[in-house]
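So the structure is just underneath, and the comments pick up after that.
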Amino acid sequence: MIIFALETSCDETAAAIVEDGTREISSVLATSEAFHQKTGGIVPEVAARKQVETVIPVIEETLTKAVDVLGVSSTNDVINKIDAVAATVGPGLIGSLIVGVEAAKALALAWNKPLVPVNHLVGHIYGNFVGSQKEIIFPAIALIVSGGHTDLVLMRGHNDLTYLGGTLDDAAGEAFDKTARLLGIKGYYGGKALSDLAATCKENTILGKLPRPMLDKDGFDFSFSGLKTAVRNLVEKSNVPVEVISKEFEDAVVDVLVAKTLNAAHKYNVSSILLAGGVSANSQLRTRMELESGHFNLHVPPIHLCTDNAIYIASAAFFNFNPKPFASVKADPSLSVMDKA
Ligand code: KG4
Ligand code: ZN
């Protein structure tokens, strides 16, 4: 089955064509990042306007790129091969989501294909299913760590999720970004830059100086806002070099993420652990999970499938195939990982 998907939940405008949820046929991603760099944060109105401008060119380019891959002679032939259209319906920025949802409805109507709504957070998990990676054996624990969410779920199969816990305040990515800003690191998504800086630290001379929030608590909830405040105190009251603070901050976040994920994997006696979301691109998190995952089958998406794109949206639509009448498909900015799209 070939699925065409759109993803516009944040500042990206992304489209992709994927076969059987695993084979990427074509993918195009445009971002309005350069505009937000100037303002130091995403301006939702600006993001949505840029998406209105870019969605048609992105769709056209995705179809064009698929012509050669599918061995056909025109984009009309590509359209004929598409079995369904999918779109992220939430969570995300309302204006941005509406652009993708309405464009997907128009395509499904014009092409006479079924329309499959996708929950963005569930979509992230499917970054693990794309490509020639190892077979995923259920049950699995999925850790979804993105800019807006931190969720731990038990996955007994496709369309069979149980919520175990999540952040009570800031998401892991949000903590990275806010701390980066606090440390004077430029850019509006400072997580990667903070991590690059941490990698230059030769020795963490302040190991253990920052809290590992909720580490000793039973259960699977997280809290990262206190960590940010502790970093602020450290910056104001000491002369610790910024790369050392970055390293200690990253160690603290990774300590908590790894410990809670492994606790859940042991408690539910799962076969596999799946990392997902933008923060799963973090090299420390990837390395530490590799080192500590023991007998569990660890799956980590390639970097380009950690951050937002439409490839995993198409994959999620395939594995949870549930077309809906057009009128019932609506953008929903506050969808949680457990909500049906
Ligand atoms: O999943 P994503 O692309 O967008 C959302 O759905 O939110 O995640 C973006 C988040 C941002 O907070 C970004 O700083 C963080 O992922 N991120 C990282 C790294 N790469 C992206 N955080 C830490 N280390 C990284 N290498
Ligand atoms: Zn995301």
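The figures follow:
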{"item": "Protection-proxy order for peptides 317-325, 63-71, each taking the mean of Cβ atoms within 10 Å per residue, highest first", "result": "317-325, 63-71"}
{"item": "Nearest-0.05 FRET efficiency for SER283 and ASN80, computed from C-beta distance (R0 41 Å)", "result": "0.45"}
{"item": "Cβ-based net charge around THR200, under 13 Å, with every Lys or Arg adding one and every Asp or Glu removing one", "result": "-2"}
{"item": "Percent antiparallel among DSSP beta bridges (both partners in region 66-156, rounded to 5)", "result": "55"}
{"item": "Accessible area (Å², 1.4 Å probe, nearest 10) - TYR189", "result": "120"}
{"item": "Peptides ranked, highest mean first, by Cβ atoms within 10 Å: ranges 167-173, 116-122, 220-226", "result": "116-122, 167-173, 220-226"}
{"item": "Local net charge near ILE313, Cβ-Cβ under 13 Å (Lys/Arg +1, Asp/Glu -1)", "result": "-4"}
{"item": "Built amide H within the under 5 Å cut-off of ILE25, gap 5+", "result": "ILE17, VAL18, GLU19"}
{"item": "Relative contact order for region 193-264, counting Cα pairs under 8 Å that sit 6 or more residues apart, in percent", "result": "49"}
{"item": "Å² per residue, accessible surface of region 218-341 at 1.4 Å", "result": "41"}
{"item": "Equivalent ellipsoid semi-axes, region 114-195, via Cα gyration tensor eigenvalues times 5, rooted, Å", "result": "28, 15, 13"}
{"item": "Accessible surface of the chain [probe 1.4 Å, protein heavy atoms]: carbon and sulfur percent", "result": "53"}
{"item": "Fraction of antiparallel bridges per DSSP, the chain only, in percent to nearest 5", "result": "60"}
{"item": "The chain: relative contact order in percent, alpha carbon pairs under 8 Å with at least 6 residues between", "result": "25"}
{"item": "Nearest 10 degrees, 0 to 90: helix 225-237 Cα axis against the chain principal axis", "result": "50"}
{"item": "Taking region 11-108 and dividing mean pair separation by its residue count, relative contact order in percent (alpha carbons under 8 Å, at least six apart)", "result": "27"}
{"item": "Residue-wise HN-Hα coupling along region 298-306, computed from phi with Karplus coefficients 6.51, -1.76, 1.60 (Hz; x: Gly, Pro)", "result": "8, 10, 10, x, x, 3, 5, 9, 7"}
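The values are calculated or read from the model by the stated rules, or taken from the named source; none is laboratory data. Quantities reported herein were computed from a predicted structural model and do not represent experimental measurements. Cβ: placed from backbone, ideal geometry, glycine included. Neighbour counts: every protein chain shown. Side chains included, ligands, DNA and RNA excluded: accessible areas come from the protein's heavy atoms. Shrake-Rupley method; radii C 1.70, N 1.55, O 1.52, S 1.80 Å.
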